[in-house]
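A quick write-up on the structure given underneath.
The values are calculated or read from the model by the stated rules, or taken from the named source; none is laboratory data. Predicted, not measured: the structure shown is a model, and the values here were computed from it. Virtual Cβ from ideal backbone geometry, glycine too; neighbours counted across all protein chains shown. Accessible surface areas use protein heavy atoms only, side chains included; no ligands, DNA or RNA. Shrake-Rupley method; radii C 1.70, N 1.55, O 1.52, S 1.80 Å.
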Amino acid sequence: EETGIPSCFTAILAELQKHEDNFGGLKNFVHRPFIEQKVTKRQFQQYTDFEYIYLTVLSFAKLHLNMDLILEKFNGQARADNPSVQLLEVLCGITMHGDRSGAVALLQHAPPSLLEAFRVSGHTRR
């Protein structure tokens, strides 16, 4: 289980683990994928589907945990001038266009949308 990640996200990762081989398994990590820094396009292209999905879930979990701080620093500017986007890269390993319409809504709705999709898929009990 991932340390510090809410159980609602670890449930997704646990379900994903069951299908690791179907999604190409681990090729770029020894034990399991982890976020070290912003992932580049080239790195994403080298990841297996399993690694890509795993990192995406981790990114959304970290966004969920750090949402208030990331939104607090949001200023609507482009990456170089937006401390929120820079923080998103450091904490979550992802980036975004902070100067585009809907950026805040995207940040706010991404983690709950993933959780809701998992819930309606029937893999959780409520």
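Below, the figures for the structure above:
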| quantity | calculated |
| --- | --- |
| Filtered residue count, region 42-85, keeping only those that are open to solvent by 70 Å² or more (accessible area, probe 1.4 Å), within 15 Å of the chain's Cα centre (by Cα) and over 18 Å from His109 (Cα atoms) | 2 |
| Flag for Lys38 being farther than 17 Å from Pro111 by Cα, without any contact (Cβ under 8 Å) to a residue 40 or more places away in the chain and open to solvent by 30 Å² or more (accessible area, probe 1.4 Å) | no |
| Looking only at region 18-35, and only at residues there that are of a type in the set (A, V, I, L, M, F, W, C) and open to solvent by 100 Å² or more (accessible area, probe 1.4 Å), the one that is farthest from Val90 (Cα to Cα) | Val30 |
| Among residues of region 86-115, those that are assigned to a helix (DSSP H, G or I) and either more than 22 Å from Cys8 (Cα to Cα) or open to solvent by 70 Å² or more (accessible area, probe 1.4 Å) (or both), counted | 9 |
| Every residue from region 1-25 that is within 16 Å of Thr56 (Cβ to Cβ), free of Cβ contacts under 8 Å to residues at least 40 places away in the same chain and touching a Phe, Trp or Tyr at 6+ places or on another chain (Cβ under 7 Å) | Glu20, Phe23, Gly24 |
